[in-house]
Amino acid sequence: MKWEFGRRSDNIEDRRGSRVPSAVVGGGIGTILLALLVTFLGGDPSVILQQGTPSRNYPPADVQQGTNSQADDPMKEFVAVVLADTEDTWNEIFQQMGGTYQEPKLVLFSGAVESACGYAKSAMGPFYCPRDRKVYLDMSFFRDLQNRHNAPGDFAQAYVIAHEVGHHVQNLLGISGKVQSLQRQVTPVEANQLSVRLELQADCFAGVWAHHAERSRQILEQGDIEEAMNAASQIGDDRLQAQAQGYIVPDAFTHGSSAQRVRWFKRGIQSGSLNQCNTFGTNQL
């Protein structure tokens with residue numbers, strides 16, 4: 001991915017080195033592990049994490065800053081460039097739709113983090129919290145993506161960020177709220193099915209970003225698209241379940257199968273159109 005000369009976003013909140021109270025983290029392990037099951041790579045953990053989380057006011061974005069300097073932190077620079085590129089793309093798309101894109105913050109953390117959706121540990125993977133409109137990322141996940149999930153490459157990492165930003169777009173469009181409302185009215189199996197459609201749409205939105213970024217700024221290098229599709233495939237529910245427990249339970253899917261995740265990312269990058277990402281209007285996921 002050609003990123004070195006890209007614009008850096010200012011919407012980075014670096015909390016690496018900040019401490020989350022150990023009593024809260026320790027006491028919340030059960031809910032965090034439960035949340036992990038429904039939020040791996042992009043879900044909304046608020047429903048699970050908020051249970052038992054004390055009500056409080058959360059500090060403004062610039063209160064808890066880490067000590068890492070972006071100038072000597074290549075991975076932070078990379079994240080800032082990818083986030084900036086999603087900002088440029090979604091600002092343009094929303095403007096074309098007659099709206100205004102509200103840019104999310106991206107919080108870098110290490111180990112554990114406090115969000116408006118509750119407390120989370122890095123084992124959850126990256127996630128988006130609609131309550132504060134922030135993406136949360138422990139960059140050690142990129143190492144796991146390569147080593148544990150066999151999905152190396154900078155564009156695989158960019159896909160992860162774009163997927164989380166896709167959840168932010170869903171939040172701005174009111175899609176996430178409608179899905180959560182429906183999920184409270186249906187069976188657990190049906191709620192999982194709605195989650196799958198939400199996640200696949202975020203994959204498609206990530207593809208839409210890649211389409212426009214390439215058309216406008218020529219960011220792609222040979223093999224980049226394959227990196228992203230491999231990442232989507234490696235973190236499909238069927239593959240993760242088979243690795244974790246040796247068998248597959250489709251009714252427990254929350255993000256979609258490997259084939260589905262690849263299909264919807266590919267659909268987004270080929271079309272560049274939000275209209276092609278209506279995962280809720282088809283029986284063929």
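The values are calculated or read from the model by the stated rules, or taken from the named source; none is laboratory data. Since we're looking at a predicted model, the values are computed, not measured. Because the Cβ atoms are built from the backbone with ideal geometry, glycine has one as well, and the counts that use them run over all protein chains shown.
Within the group Ile225, Ile248, Ile269, which residue is in contact (Cβ under 8 Å) with a residue 24 or more places away in the chain and more than 15 Å from Gly166 (Cβ to Cβ)? I'd like the intermediate steps shown before the answer.
Values: Ile248 fails: in contact (Cβ under 8 Å) with a residue 24 or more places away in the chain; Ile269 fails: more than 15 Å from Gly166 (Cβ to Cβ).
So the residue among Ile225, Ile248, Ile269 that is in contact (Cβ under 8 Å) with a residue 24 or more places away in the chain and more than 15 Å from Gly166 (Cβ to Cβ) is Ile225.
Among the residues of the stretch 179-188, are any free of Cβ contacts under 8 Å to residues at least 24 places away in the same chain, more than 15 Å from Pro126 (Cβ to Cβ), among the hydrophobic types (A, V, I, L, M, F, W, C) and out of contact with any helix residue (DSSP H, G or I) (no Cβ under 8 Å at 6 or more places or on another chain)?
Scanning the stretch 179-188 turns up no residue that is free of Cβ contacts under 8 Å to residues at least 24 places away in the same chain, more than 15 Å from Pro126 (Cβ to Cβ), among the hydrophobic types (A, V, I, L, M, F, W, C) and out of contact with any helix residue (DSSP H, G or I) (no Cβ under 8 Å at 6 or more places or on another chain).
Could you check the stretch 83-138 and list, in sequence order, the residues that are at positive phi and either of a type in the set (Ser, Thr, Tyr) or in a strand (DSSP E or B) (or both)?
Matches in the stretch 83-138: Gly118 only.
So is Phe94 aromatic (Phe, Trp, Tyr) and over 22 Å from Ala232 (Cα atoms) or not? Working first, answer last.
On the way: aromatic (Phe, Trp, Tyr): yes; over 22 Å from Ala232 (Cα atoms): yes.
When the stated conditions are applied, Phe94 passes them.
Based on what the data block shows, is Glu114 under 15 Å from Ala162 (Cβ atoms), among the acidic types (Asp, Glu) and in contact (Cβ under 8 Å) with a residue 24 or more places away in the chain?
For Glu114, the condition - under 15 Å from Ala162 (Cβ atoms), among the acidic types (Asp, Glu) and in contact (Cβ under 8 Å) with a residue 24 or more places away in the chain - is not met.
May I ask you to verify whether Arg261 is touching a residue at least 24 places away in the same chain (Cβ under 8 Å) and surrounded by fewer than 16 Cβ atoms within 10 Å (Cβ to Cβ)?
no
Out of the residues in the stretch 177-217 that are of a type in the set (Lys, Arg) and farther than 19 Å from Cys129 by Cα, which is modelled with the highest pLDDT?
Among residues in the stretch 177-217 that are of a type in the set (Lys, Arg) and farther than 19 Å from Cys129 by Cα, the one modelled with the highest pLDDT is Arg215.
Considering (1) within 22 Å of Tyr136 (Cα to Cα); (2) hydroxyl-bearing (Ser, Thr, Tyr); (3) over 18 Å from the mean Cα position of the chain (by Cα), say which one Ser176 fails and leave the rest.
With (1) within 22 Å of Tyr136 (Cα to Cα); (2) hydroxyl-bearing (Ser, Thr, Tyr); (3) over 18 Å from the mean Cα position of the chain (by Cα) applied to Ser176, the lone miss is (3).
Would you mind telling me which numbered condition in (1) over 15 Å from Thr86 (Cα atoms); (2) surrounded by fewer than 17 Cβ atoms within 10 Å (Cβ to Cβ) Gln218 fails?
So the condition that Gln218 fails would be (1).
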